[in-house]
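Inspection log for the structure reproduced underneath, given as structure tokens.
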Amino acid sequence: MTLYFEYLLLVNMCGGLLLLFAVSRCLKSVINIRLACIILFLYTLIECVAVRYLPQLSGFLAAVFILVISRFIGKSQMVLHAAIILLFIFSSGSMTLYTINLLNFRLFYCAALLIIFLTGHYILSVRAADWISFSSVQATFICDVKLQQGKASWLGKGYLDSGNALSAPFSGKPVMFADANVSSELLPEEVVDYLNGHSECPDHWKEKISFIPSKSVHSSCEILVGVECEKVEVRSNGETFVFENIPVVFSKEQYYVEQSCHCLLSPMQMLQCYQK
């Protein structure tokens, strides 16, 4: 009986924690691991007694366990936690039994297959949660951007960064950031060389250059070089914002936030006073 309890405890602990981790990642919630281990241990003790003396109570105990652990582990979204736990339990159990019957495995391998399928649920939950989060961020903060400088233009994606409150001195205009790839498409070669420190600024571009003091949490005070962009067009949530003569700082970053974003926008650009 001791071996049976240890086996059951191992399955419940490993499977239960994998299940809870999958649910917590799926719902972006935090679980209390210590409390989860205590509840899983107590459930295993009660299950051992029930299986020996009252096997007909096993299903009832499982239902009570799901409600208890949904209430005390997540502390919020109890119904949603319970529903996803049930979904993962039924799908993992069904796939385990189907695989055992299909491949004629012994019942001994049931626990190992269950752990494998629960691990698969965890991996899929992480991927799904990250994809949902990114889709939400993309719909809210990632915009279509068009920069125009004379006859040259650049089309791409920009990230609306609420933490970007940098403004140019004297004019007070909000500052945009763009990566080096944008500068090579938008600016003449001699201006790009100047921004990279390889040459002097051409005389006819000096009036478009501004020096912007900047200080952030991660760096000390530094002077950034901004280039005044003739026209900036931003499309966000079905609306179009047009700005003129906005200073743009071209950094050495390859992209911002994720690989499709090559610009970092300022929320102040959306104010009416900066629109065309």
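The values are calculated or read from the model by the stated rules, or taken from the named source; none is laboratory data. The model shown is predicted, which means the values in this text are computed figures rather than measured ones. Positions of Cβ are generated from backbone atoms using ideal geometry, with glycine treated the same way; all protein chains shown enter the neighbour counts. Remember, those area values only see protein heavy atoms, side chains included, never the ligands or the DNA or RNA. Shrake-Rupley method; radii C 1.70, N 1.55, O 1.52, S 1.80 Å.
For the residues 9, 45, 187, a 1.4 Å probe over the protein chains yields an accessible-area ranking, largest first, of 45, 9, 187. For residue 205, the solvent-accessible surface with a 1.4 Å probe is about 30 Å², rounded to the nearest 10.
With a ≥ b ≥ c taken as the square roots of the eigenvalues of the C-alpha gyration tensor of segment 5-102, please select rounded if a/c is under 1.5 and otherwise prolate if a/b is larger than b/c or oblate if it is not? Before the final figure, lay out the partial values.
Details: a/c = 1.68, a/b = 1.23, b/c = 1.37.
Oblate shape, in that a/c is at least 1.5 and b/c is the bigger or equal ratio.
The residues neighbouring residue 120, those whose beta-carbon lies less than 14 Å from its own, together hold a net charge of +2 under the Lys/Arg +1, Asp/Glu -1 convention.
Counting only protein chain heavy atoms and rolling a 1.4 Å probe, the accessible areas of 53, 7 rank, largest first, as 53, 7. Solvent exposure of residue 25, expressed as accessible area, is near 80 Å², computed with a probe of 1.4 Å over the protein chains only. Converting phi to 3J(HN,Hα) with the Karplus coefficients 6.51, -1.76 and 1.60 and the offset θ = phi - 60°, segment 55-60 yields x, 5, 8, 4, x, 5 Hz in sequence order, with x at every glycine or proline.
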